[in-house]
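Asker: One structure is given below, represented as structure tokens, and several questions about it will come after.
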Amino acid sequence: MRVATWCLARLVGTPAASAIAGDLAESGPADQWKLWAETWGIVLRLGTERVRGQRFERPSGASAGNRPPRKKPSSVGGALLGDVRFAFRVFRSHPVTTGVAVLSLALGIGANTAIFSLLDAIVLRPLPAPRPAELVTSRTVFSFPDYEDLAAASTDELTGLAAWSASSRPYSLASADGAWPVLTELATGNFFDVLELRPGAGRLLREDDDARNVPVGVISHRLWEVAFDSDPAIIGTDVRVNGVPITVVGVGPAGFRGTRLNRSVDLWVPLTLHEQLAPGSRARIRFDDRNSQWLRIMGRTRPGVSVERTEATMLASAQRMLALEPSPYLDDFVEVGSAADAALPRADEVHQFMNLLLAMVGIALLVACTNVANVLLTRTTERHQELSLRMALGAPRTRLIRQLVTESLLLSLMGGVAALLFARWTLGAVAGLQIPGRIVLGEVAPTLNTTTLVVTMLIALGCALLFGVGPALAGTRPAVARLSGGSTRIGRRWSAPSVLATIQVGLTLALVFGGGLFVRSLTTVLDVDLGLDPTGVYVSSLDVGVLGYDAEAAGVFRGEAVAQLESIPSIERAAWALFVPVQNGMRMDDFRVVGHEFTDADPGSVALNYVSPGFFETLGIRLRSGRSFAAGDRDGTQLVVVVNETFADHFWPGGTAVGERVLFPGRGGIVELEIVGVSADTKTRGLREEAAPYMYVPVDQWGWLIGADQLRLAWREAPDSVASVDTVRERLAELDPALPVPGIRSLDAQIFDQAMPQRVGAVLLGTFAGMALLLAAVGVYGVIAAAMASRVREIGIRRAVGAHGRDVGLLVLRRGLLPVLVGLPLGWFLAFLVSRLVAGFLPGLSPTDPATLVAATAVMFVVALIACVPSALQAARRDPALVLRTD
Amino acid sequence: MGRSEYLGEFEQMVLLSVLRLGSDAYGVSVHEELGRTTGRETKRGAVYVALERLAAKGYVSSRFGDPTAERGGRAKRYYAVEPAGRTALRASRQALMHLWSGIEPELEDR
């Protein structure tokens with residue numbers, strides 16, 4: 001509203017604008033939105049009048065007779081302004097085509113901008129620090145004494161050498177507001193100095209943090225936003241990390257999420273704190289022990305120092321160390337490489353995936369440009385009367401070309417601006433997606449940066465030239481001839497718009513095919529029998545170990561947690577498990593079956609899972625025979641096991657496994673387990689895994705082994721109940737307020753995650769394909785409409801001499817479908833190229849899947865047909881007399 | 001009068017409305033008067049555009065009244081028809097009457 005008022009004031013002056021606002025207040029619509037719309041309506045009309053009305057601007061009373069002749073623009077700037085003004089007038093008179101052109105560009109350029117932003121964040125700058133090329137690291141892990149030696153030996157090469165160790169599982173960070181799971185990097189005080197990063201607030205770690213044993217920590221910018229509402233007051237306050245009080249001294253730089261793209265670090269603490277913080281095995285690491293290798297290193301080379309020289313120096317130092325104290329880890333010792341490369345896990349796969357995306361958005365942009373060119377060209381053809389007239393009146397051809405190029409430039413500029421908005425939206429929309437390398441797109445902080453802006457504008461400019469010059473040249477060449485020639489002439493069969501539409505159809509078909517492949521692969525992957533019922537099941541990973549629980553306390557907590565959850569009315573069952581299908585992670589152990597001679601055909605080891613009573617019921621895993629676990633299966637009673645069908649069928653084909661015994665390594669040697677039940681096969685680790693023998697044992701009988709390890713808590717919501725995520729958090733907080741309850745997710749969502757990257761491919765390519773289809777439809781429509789317009793007389797004559805409406809309709813249809821029919825084979829060829837690109841991303845599907853190709857072709861053809869129908873009908877229904885009279 | 005340009009239809013209607021309203025012609029009243037006399041819904045913006053254009057041609061003048069509370073403390077902008085505007089109206093009417101004379105029978109049975 002304020003903007004509208006401001007515009008009004010600019011147009012008519014402040015007092016008059018105020019009067020209009022007063023008028024609206026007096027009698028305008030009461031509804032805010034209507035008032036807003038009405039105000040903008042007035043602004044638009046007055047603005048239009050102002051642009052058009054320059055010629056009205058003359059002293060009152062002056063008559064038309066003595067109006068001074070309009071001045072020729074004297075400068076280049078003036079001429080350009082004239083061109084721009086004229087261009088806008090043209091746009092206004094063709095709102096639909098202009099809209100389509102701008103929209104095409106917005107989508108095409110926007111998609112490219114979004115992908116370039118991702119590319120920038122993931123591939124080009126995986127380590128968001130200044131001059132990342134100077135940062136080096138080693139794949140080897142070192143002991144603390146090793147690190148100190150290396151740092152001392154390499155002072156000539158490096159400005160500094162930092163060491164850090166990442167927590168293998170999230171720590172608990174508890175404040176008055178709640179508890180969060182935080183991945184933590186324990187780092188030397190010079191860690192941020194080597195990276196040359198600046199704090200987002202407060203300060204970062206510094207060298208004297210190493211010496212003092214004062215517990216301080218730096219939280220990530222993201223955690224600061226999410227957990228503390230970006231409140232600066234958090235600095236200087238105490239939080240509890242794994243129960244240890246830590247003073248938050250600062251916030252990391254925005255966008256910095258640690259040294260690996262696929263893990264988001266939220267807390268940095270001095271290395272010296274590790275003994276206090278690290279629970280369990282980590283506490284066994286000793287600072288002074290050369291055999292405790294647990295540190296990664298990162299250094300920044302001095303100007304002009306090569307990676308090779310750094311490596312040579314470090315290797316020499318390492319060999320001196322080894323002379324003192326031999327180590328079995330010589331092999332890959334100090335292999336120095338770029339830290340930025342190390343930040344990108346599974347680089348090959350990521351590169352391949354990004355290349356695929358780039359190719360796809362490239363095609364989308366090409367389609368968009370083709371479409372815009374088509375729109376402009378069609379319009380230029382429509383405008384040939386105007387252009388011819390202007391040429392006849394003496395306008396030089398260069399002047400007309402300049403005008404057309406200006407229009408194209410303006411269009412692409414508008415498209416570029418709209419594209420930025422679209423790109424921003426796209427990045428938001430894909431934030432939750434995960435690409436190969438387990439990189440979550442939203443966590444790599446892809447922002448629309450200046451590089452991207454420049455790239456976008458270059459693309460926009462390239463587009464402008466691509467589709468500005470072509471149509472401009474085509475539009476002005478035969479201008480005079482056309483003016484005099486009339487319109488009875490049968491148009492050339494292969495006009496420029498037809499060629500463009502042909503290319504467009506081909507490109508679109510390739511895109512639809514690519515998108516279709518991913519959609520089909522996605523459905524194939526998701527359409528498998530999991531052996532369980534995921535609907536209504538929610539899962540969270542809980543880790544009481546970081547809070548210092550021992551095995552016994554952990555066992556008590558497990559029982560209490562299940563009781564708490566099952567007391568929530570909407571929750572039917574709850575259970576614990578080391579693994580919940582379908583997640584990564586497995587444990588395997590050797591086993592033997594009592595009374596069975598083992599041969600090479602038998603599996604010597606089996607995957608197993610530690611679960612609590614109620615696990616099968618919670619996950620909806622069907623039991624074939626026997627029973628599931630009960631509360632009585634605890635420490636001290638007969639050890640029991642449930643095996644899956646594959647296991648049972650392998651050893652007792654046709655018979656029953658229940659009652660049989662399995663030998664297994666247990667406490668104090670080999671123990672005997674009684675099979676009490678046989679469950680259905682489930683997909684345990686991935687959607688495409690083959691059925692394999694699997695065993696379940698009661699976690700309570702193996703508490704001595706599991707201890708306080710991280711387990712998954714799963715629960716089943718009653719059908720039609722509202723998910724009680726918040727209630728679950730409250731109930732668990734009642735048991736231990738310091739326990740972080742990380743992202744509770746539905747099993748359905750986790751299963752869906754498994755379908756990466758098919759999902760990413762399907763979403764992105766599907767969107768582009770849909771977009772391209774729309775554009776191709778518009779393109780074909782444009783061709784046929786232009787063809788119609790140029791053959792109005794021919795059609796009229798045909799009708800007049802007795803052709804049926806149907807014949808004429810078919811004529812038009814045939815004309816419109818010609819580029820489609822030629823475009824389809826072109827599309828097949830392009831689809832073949834696409835299939836080679838995507839081959840690695842389609843498990844369980846041939847990249848040249850014929851069904852997909854046929855479907856894509858059919859879709860393309862039908863869409864093109866639909867685009868032809870309005871014009872064909874119009875031609876068929878047109879009154880011949882009326883047609884002939886128009887000339 | 002000579003080669004003065006004729007008024008557009010809408011301009012003419014706006015000018016006549018201002019004339020009819022006399023001293024009470026401002027945005028709202030002109031808009032309402034147009035709606036009443038023509039029986040058609042006109043866009044508010046169009047009225048402002050026409051008034052701006054008429055003012056630019058020197059056919060109407062405007063002055064600001066006192067702010068009133070019911071308008072959110074904003075002043076009304078009152079319009080009055082200038083002599084040039086009356087001349088233009090007269091010229092338009094005359095031209096139209098010349099055109100109309102003698103053709104009424106033509107329109108009778110169509």
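Asker: Please specify each residue of the range A:205-237 satisfying the condition of being within 20 Å of A:ILE297 (Cα to Cα) and buried (at least 23 other Cβ atoms within 10 Å of the Cβ). Give the derivation first.
Answerer: Of the range A:205-237, the ones within 20 Å of A:ILE297 (Cα to Cα) are A:205-211, A:217-218.
Within the range A:205-237, A:LEU205, A:ASP209, A:GLY217, A:VAL218 meet the criteria.
Asker: Test A:GLY536 against the stated conditions and say whether it is at positive phi, surrounded by fewer than 22 Cβ atoms within 10 Å (Cβ to Cβ) and at pLDDT 85 or above. Don't jump to the end; show me each part of the working.
Answerer: Numbers: at positive phi: yes; surrounded by fewer than 22 Cβ atoms within 10 Å (Cβ to Cβ): yes; at pLDDT 85 or above: yes.
Yes, satisfied.
Asker: Looking only at residues that are out of contact with any Leu (no Cβ under 6 Å at 6 or more places or on another chain) and of a type in the set (S, T, N, Q) in the range A:109-152, which one is nearest to A:LEU357 (Cα to Cα)?
Answerer: Step by step, filter the range A:109-152, then rank; the result is A:THR113.
Asker: Can you go through B:SER101, B:SER92 and tell me which one is more than 10 Å from every other protein chain (Cβ to nearest Cβ), touching a Phe, Trp or Tyr at 6+ places or on another chain (Cβ under 7 Å) and of a type in the set (Ser, Thr, Tyr)? Give the steps one after another, and end with the answer.
Answerer: Numbers: B:SER101 fails: touching a Phe, Trp or Tyr at 6+ places or on another chain (Cβ under 7 Å).
Being more than 10 Å from every other protein chain (Cβ to nearest Cβ), touching a Phe, Trp or Tyr at 6+ places or on another chain (Cβ under 7 Å) and of a type in the set (Ser, Thr, Tyr) holds for just one of B:SER101, B:SER92, which is B:SER92.
Asker: Please verify whether A:ASP600 is out of contact with any strand residue (DSSP E or B) (no Cβ under 8 Å at 6 or more places or on another chain) and not in a loop (DSSP other than H, G, I, E, B), treating the condition exactly as stated. Give the steps one after another, and end with the answer.
Answerer: Working: out of contact with any strand residue (DSSP E or B) (no Cβ under 8 Å at 6 or more places or on another chain): yes; not in a loop (DSSP other than H, G, I, E, B): no.
No; evaluated as a whole, the condition is false for this residue.
Asker: Additional query: So, A:PHE591, is that one under 18 Å from A:ARG712 (Cα atoms) and either aromatic (Phe, Trp, Tyr) or modelled with pLDDT of 85 or more (or both) or not? Steps first, please.
Answerer: Working: under 18 Å from A:ARG712 (Cα atoms): no; either aromatic (Phe, Trp, Tyr) or modelled with pLDDT of 85 or more (or both): yes.
The answer is no for A:PHE591.
Asker: Can you name the residue in the range B:56-68 that is buried (at least 17 other Cβ atoms within 10 Å of the Cβ) and not polar (S, T, N, Q) and, of all such residues, is farthest from the other protein chains (Cβ to nearest Cβ)?
Answerer: Start the filter on the range B:56-68 by keeping residues that are buried (at least 17 other Cβ atoms within 10 Å of the Cβ), which leaves B:57-60, B:62.
After this cut, where a residue has to be not polar (S, T, N, Q) as well, the list is B:57-60.
Working: B:LYS57: 6, B:GLY58: 2, B:TYR59: 8, B:VAL60: 10 Å.
Here the answer is B:VAL60.
Asker: Quick check on A:SER541: is it within 28 Å of A:PHE629 (Cα to Cα) and touching a strand residue (DSSP E or B) at 6+ places or on another chain (Cβ under 9 Å)? Break it down into steps so the answer makes sense when it comes.
Answerer: On the way: within 28 Å of A:PHE629 (Cα to Cα): yes; touching a strand residue (DSSP E or B) at 6+ places or on another chain (Cβ under 9 Å): yes.
Yes.
Asker: Hey, does the range B:7-19 have a residue that's at pLDDT 85 or above and within 8 Å of chain A (Cβ to nearest Cβ)?
Answerer: no
Asker: In the range A:696-715, which residues are surrounded by fewer than 22 Cβ atoms within 10 Å (Cβ to Cβ) and either of a type outside the set (Phe, Trp, Tyr) or modelled with pLDDT of 85 or more (or both)? Break it down into steps so the answer makes sense when it comes.
Answerer: Taking the range A:696-715 first, the residues surrounded by fewer than 22 Cβ atoms within 10 Å (Cβ to Cβ) are A:702-707, A:709-710, A:712.
Residues satisfying the conditions are A:TRP702, A:GLY703, A:LEU705, A:ILE706, A:GLY707, A:ASP709, A:GLN710, A:ARG712.
Asker: Just checking, which of A:ALA37, A:ALA25, A:ALA19, A:ALA62 is within 14 Å of chain B (Cβ to nearest Cβ), modelled with pLDDT of 75 or more and more than 49 Å from the chain's Cα centre (by Cα)? Outline the logic, then answer.
Answerer: Values: A:ALA37 fails: more than 49 Å from the chain's Cα centre (by Cα); A:ALA25 fails: more than 49 Å from the chain's Cα centre (by Cα); A:ALA62 fails: modelled with pLDDT of 75 or more.
A:ALA19 is the lone residue from the list that is within 14 Å of chain B (Cβ to nearest Cβ), modelled with pLDDT of 75 or more and more than 49 Å from the chain's Cα centre (by Cα).
Asker: Now, a different point. Just to verify a result, which residue in the range B:24-38, among those that are closer than 11 Å to B:TYR79 by Cα and either in a loop (DSSP other than H, G, I, E, B) or hydroxyl-bearing (Ser, Thr, Tyr) (or both), is nearest to the other protein chains (Cβ to nearest Cβ)? Working first, answer last.
Answerer: Residues of the range B:24-38 that are closer than 11 Å to B:TYR79 by Cα, as a first pass: B:24-27, B:29-30.
Those still in the list that are either in a loop (DSSP other than H, G, I, E, B) or hydroxyl-bearing (Ser, Thr, Tyr) (or both) too: B:25-26, B:29.
Details: B:ALA25: 12, B:TYR26: 7, B:SER29: 9 Å.
It comes out as B:TYR26.
Asker: Of the residues B:ARG71, B:ARG77, B:ARG53, only one is within 14 Å of chain A (Cβ to nearest Cβ), without any contact (Cβ under 8 Å) to a residue 60 or more places away in the chain, touching an Asp or Glu at 6+ places or on another chain (Cβ under 6 Å) and not aromatic (Phe, Trp, Tyr); which? So that I can check it myself, show each step before the final result.
Answerer: Working: B:ARG77 fails: touching an Asp or Glu at 6+ places or on another chain (Cβ under 6 Å); B:ARG53 fails: touching an Asp or Glu at 6+ places or on another chain (Cβ under 6 Å).
Exactly one of B:ARG71, B:ARG77, B:ARG53 is within 14 Å of chain A (Cβ to nearest Cβ), without any contact (Cβ under 8 Å) to a residue 60 or more places away in the chain, touching an Asp or Glu at 6+ places or on another chain (Cβ under 6 Å) and not aromatic (Phe, Trp, Tyr), namely B:ARG71.
Asker: Something else: Take the range A:6-32 and flag every residue that is under 19 Å from B:GLU70 (Cβ atoms) and not hydrophobic (A, V, I, L, M, F, W, C).
Answerer: Scanning the range A:6-32 gives A:PRO15, A:SER18, A:GLY22, A:ASP23, A:GLU26, A:SER27, A:GLY28, A:PRO29, A:ASP31, A:GLN32.
Asker: Taking the criterion of being outside any strand (DSSP E or B) and over 24 Å from A:GLY47 (Cα atoms), would at least one residue in the range B:42-65 satisfy it? Show your work before the answer.
Answerer: The initial filter retains those residues of the range B:42-65 that are outside any strand (DSSP E or B), namely B:42-59, B:65.
Within this subset, residues satisfying the condition of being over 24 Å from A:GLY47 (Cα atoms) are B:65.
Taking every residue of the range B:42-65 in turn, at least one turns out to be outside any strand (DSSP E or B) and over 24 Å from A:GLY47 (Cα atoms).
Asker: Taking the range A:610-665, which residues are aromatic (Phe, Trp, Tyr) and either more than 27 Å from A:PRO534 (Cα to Cα) or free of Cβ contacts under 8 Å to residues at least 40 places away in the same chain (or both)? Walk me through how you get there before you give the answer.
Answerer: Here is the first cut: in the range A:610-665, the ones aromatic (Phe, Trp, Tyr) are A:610, A:615-616, A:629, A:647, A:651-652, A:664.
Result: A:PHE651, A:TRP652, A:PHE664.
Asker: If you don't mind, another one. Please determine, by comparing only the residues of the range A:1-16 that are in a helix (DSSP H, G or I), within 12 Å of chain B (Cβ to nearest Cβ) and small (Gly, Ala, Ser), which one is nearest to B:TYR26 (Cα to Cα).
Answerer: A:ALA16
Asker: Still on this structure, I have one more. Since A:LEU842 meets every condition but one in (1) hydrophobic (A, V, I, L, M, F, W, C); (2) farther than 21 Å from A:LEU522 by Cβ; (3) surrounded by 19 or more Cβ atoms within 10 Å (Cβ to Cβ); (4) modelled with pLDDT under 80, which condition does it not meet?
Answerer: Just one mismatch for A:LEU842, condition (2).
Asker: A further question follows. If we scan the range A:538-557, do we find a residue that is outside the structural domain of A:GLY766 (by TED's automatic domain parsing), free of Cβ contacts under 8 Å to residues at least 40 places away in the same chain and either outside any strand (DSSP E or B) or not small (Gly, Ala, Ser) (or both)?
Answerer: Checked against the condition, which is being outside the structural domain of A:GLY766 (by TED's automatic domain parsing), free of Cβ contacts under 8 Å to residues at least 40 places away in the same chain and either outside any strand (DSSP E or B) or not small (Gly, Ala, Ser) (or both), the range A:538-557 yields at least one hit.
The values are calculated or read from the model by the stated rules, or taken from the named source; none is laboratory data. Worth saying up front: this structure is predicted, and the values here are computed from it rather than measured. Ideal geometry is used to build each Cβ from the backbone, glycine not excepted, and the neighbour counts take in all protein chains shown.
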